[in-house]
Amino acid sequence: MNFSGTNRKQFIDALKSREYDLIVIGGGITGAGIALDAASRGLKAALIEKNDFASGTSSRSTKLIHGGLRYLKQLEFALVKEVGSERAVVHKLAPHLVIPEKMLLPLREKRGFGSLLTSMGLKLYDWLAGVTGKDRRLMLTRGQTLRREPLLDKEGVKGGALYAEYRTDDARLTIEVIKKAAKYGATVINYCAVTELKYENEKVSGIQVTDALGGTQFVVNGRVVVNATGPWVDELRVMDKSRTGKRLHLTKGVHIVFPKEKLPVHQSIYFDIADGRMIFAIPRGRTTYVGTTDTNYQQTIDRVVITREDAQYLIDGINNNFPQVHLHLEDIESSWAGLRPLIHEDGKSASELSRKDEIFTSPSGLYSIAGGKLTGYRKMAERVVDMVIENNPRRKETTKCYTHKIKLSDGQLTNIRGVRRYRGMLMKRLEAMGFEREMGHYLVENYGKQTEKILSRLNDFTDADIHLRLLKAELYFTVNKEMTCSSVDFFMRRTGRLYFNMASVLKYKGAIVNEMKSLLTWDDEQCNKDRALLEEAIKDARNFLIE
Ligand code: FAD
């Protein structure tokens with residue numbers, strides 16, 4: 001069955017009628033990873049997401065597959081080793097989506113760790129993660145650093161370092177993992193909230209679900225239930241009456257996006273700001289984005305937005321490091337804010353809290369997983385599924401984890417050379433069709449070889465504007481193959497346009513909502529509701545300007 005927004009009824013019927021080995025609550029990267037691990041090892045798995053896939057923290061990160069250099073300072077060697085090593089693994093699984101990116105770390109007079117300590121720290125970072133050859137860290141002179149990034153404040157830069165990381169799109173990565181889980185037989189659905197846990201002999205045995213789009217309620221039965229709800233983990237533990245002992249500590253992080261011409265950094269850069277914290281500036285397509293903050297958060301978790309204060313903090317950090325750019329709040333094109341679902345430790349500040357993941361098992365048998373990183377999703381999933389399998393009577397029929405071999409995304413591009421070759425050819429084809437070359441980056445980094453499926457639909461549409469035809473072809477693909485159910489799903493999490501190409505959202509939003517109306521056979525009321533939600537998302541992305 002196609003993983004399509006038009007097949008929701010069939011997925012819901014399957015959920016109602018089967019008995020699952022494992023039900024995963026939460027369709028962020030953690031839940032997605034668990035569903036894929038479980039289904040590929042032979043377990044009957046279901047995944048239930050209350051909103052859209054990746055609509056929580058997994059579309060609101062810095063979008064790096066990274067080892068977390070700063071965790072070395074906190075002596076988190078095991079964490080750095082695990083996530084650092086995972087970078088290369090996840091890159092191999094999706095080389096179009098997890099892309100090598102050299103990070104520039106400027107060194108300054110009387111700030112940071114100094115050249116010797118930084119050099120040793122980066123050497124340790126490489127060693128822990130098994131980085132070899134020309135990917136190993138490279139120390140730079142002052143001249144080399146300024147040539148790499150001429151916008152840097154020349155006063156005080158005494159040198160720099162280059163080290164290897166990877167950039168990604170967190171929401172696209174989550175969607176690709178979910179699609180693969182569905183391919184391996186997991187039953188997956190979005191817009192279905194778990195409202196109650198079901199018990200038999202005091203052991204959790206299923207969930208009560210409300211379908212937010214269809215309005216119906218139903219029960220899903222399962223031997224084991226895993227709570228992978230990120231910032232909502234404690235809500236589910238309260239539902240299970242097991243929120244005792246350790247608890248979540250949510251911290252907020254925001255990112256702001258500028259048109260490239262306003263902040264034309266040449267490459268990704270990780271620099272310290274006045275209060276000693278480090279932030280990133282990362283070029284992406286026609287934009288550069290900057291983040292992040294790390295502040296304690298106690299407000300509503302269902303709608304997290306950036307404030308004027310958050311935005312100003314980042315702007316000051318940029319203006320102090322890049323004195324020629326003179327950025328203002330009005331220059332910000334878009335933004336996002338997310339919550340880190342960390343585990344509380346008494347007396348520790350937001351930045352000091354560990355990013356390690358932990359699994360809590362309640363007396364009812366509910367497993368809850370909290371903490372962790374996007375980068376480490378595969379190993380987190382393996383640990384959870386190992387525990388689930390341990391207690392499953394069918395454990396002899398299951399296999400060991402092999403998700404390190406399961407390539408993500410259809411029409412695999414096998415390595416980065418293949419990605420570059422394909423992108424080069426595609427750019428020429430796109431140019432001949434009337435697109436700008438940059439579109440090749442956008443399509444390949446979002447969809448990989450699936451781009452061919454999208455382009456093959458271009459001629460189904462008769463609009464004179466080729467960009468609108470492309471958008472409609474993308475919409476057709478993401479509705480039918482990626483369970484897109486709303487225009488926010490499409491513009492924010494399937495295409496990233498709401499963050500990185502706001503102009504295209506503003507220009508084509510009306511046409512896309514109308515196209516969705518016919519694809520998903522909406523009535524006027526559904527259509528108006530969708531339009532209002534899209535306007536709200538656009539407003540949230542520039543909320544700080546009207547506070
Ligand atoms: P989420 O993505 O929040 O998923 C939980 C899901 O559960 C949500 O979609 C929610 O709707 C659903 N849910 C909740 N309640 C219910 C219910 N009752 N029924 C059904 N579904 C429910 N990590 C990195 O590796 N690299 C980075 O660059 C990076 N940068 C970060 C920057 C910031 C600002 C933040 C906040 C985090 C960053 N992280 C990064 C960490 C990473 O993003 C998170 O660890 C990860 O996304 C958490 O995923 P998750 O699936 O656990 O949670």
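Peptide packing: for 372-381, 514-523, the average count of neighbouring Cβ atoms within 10 Å per residue gives the ranking 372-381, 514-523, highest mean first.
Relative to the Cα centre, the charge distribution of the chain, modelled as +1 at Lys and Arg Cβ and -1 at Asp and Glu Cβ, gives a dipole magnitude of about 2020 debye.
Packing-based ranking of 342-355, 236-249 yields 236-249, 342-355, ordered from highest to lowest mean Cβ neighbour count within 10 Å. Modelled spin labels at LYS246 and ARG421, positioned 7 Å past Cα toward Cβ, are 4.6 nm from each other.
Listed by number, the DSSP H helices of the chain that run 18 Å or longer by alpha-carbon position along their axis and have mean Kyte hydropathy of at least 0.0 are 77-93, 114-129, 466-482, 502-519.
Taking trypsin sites (Lys or Arg not before Pro) across the range 10-64, the ones in a DSSP loop with at most 16 further Cβ atoms lying within 10 angstrom of their Cβ are ARG18. A Cβ-based charge dipole, computed about the Cα centre of the range 78-128 with Lys and Arg at +1 and Asp and Glu at -1, lands at about 180 debye. Straight-line reach from LYS154: taking Cα to Cα under 13 Å and skipping same-chain neighbours fewer than 8 places apart, the aspartates and glutamates in range are GLU109.
A simple spin-label model places the labels of GLU261 and GLN144 3.4 nm from each other, with each point 7 Å out along Cα-to-Cβ. The residue among MET425, GLY42, ALA186 whose Cα reaches farthest toward the positive pole of the charge dipole of the chain, with charges on the beta-carbon of Lys, Arg, Asp and Glu, is MET425. Classified by the C-alpha gyration tensor, the range 326-441 has an oblate form. Its axis ratio a/c, with a ≥ b ≥ c, is 1.5 or above, and a/b does not exceed b/c. Mean sequence separation of contacting Cα pairs (under 8 Å, at least six apart), scaled by the length of the chain, corresponds to a relative contact order of 20 percent.
Taking 32 Å as the limit for the C-alpha separation, the pairs LYS180/LYS396; LYS481/LYS539; LYS407/LYS539 exceed it in the case of LYS407/LYS539. Considering only LEU366, TYR313, TYR71, and ranking their Cα positions along the charge dipole of the chain that arises from unit charges at the beta-carbon of Lys, Arg, Asp and Glu, the one farthest toward the positive end is TYR71.
In plain terms, the chain from ASP386 to HIS441 could stretch by 16.0 nm, reckoned as 0.36 nm per residue minus the Cα-Cα distance.
Ignoring aspartates and glutamates fewer than eight residues from LYS123 along the same chain, the ones with Cα atoms less than 13 angstrom from its Cα are ASP135. Exceedance of the 29 Å cut-off in Cα-Cα distance is limited, within the set LYS262/LYS453; LYS63/LYS203; LYS73/LYS110; LYS63/LYS179, to LYS262/LYS453; LYS63/LYS203.
For the range 116-236, calculate the relative contact order in percent as a whole number, restricting contacts to Cα pairs under 8 Å that are 6 or more residues apart. That works out to 13 percent. On the beta carbon distance between ALA193 and ALA274, with R0 = 30 Å, the FRET formula returns roughly 0.10. Extension gain, MET433-GLU345: 0.36 nm per intervening residue step, less the Cα-Cα distance, totals 26.0 nm. Rank ILE389, ILE29, ASN501 by how far each Cα sits towards the positive end of the charge dipole of the chain (+1 on Lys, Arg Cβ; -1 on Asp, Glu Cβ) and give me just the farthest. Positive-end residue among those listed: ILE389.
GluC sites (Glu not before Pro) within the range 130-227: which are DSSP loop residues with at most 12 other Cβ atoms inside 10 Å? Intermediate results must be reported in sequence, preceding the final value.
Numbers: sites: GLU155, GLU165, GLU176, GLU196, GLU200, GLU202; in loops: GLU155, GLU202.
Filter output for the range 130-227: GLU155, GLU202.
No value in this document is a laboratory result; all are computed from the given coordinates. Bear in mind the structure is a predicted one, so any value in this text is a computation, not a measurement. Backbone-built Cβ (ideal geometry, glycine too); neighbour counts: all protein chains shown.
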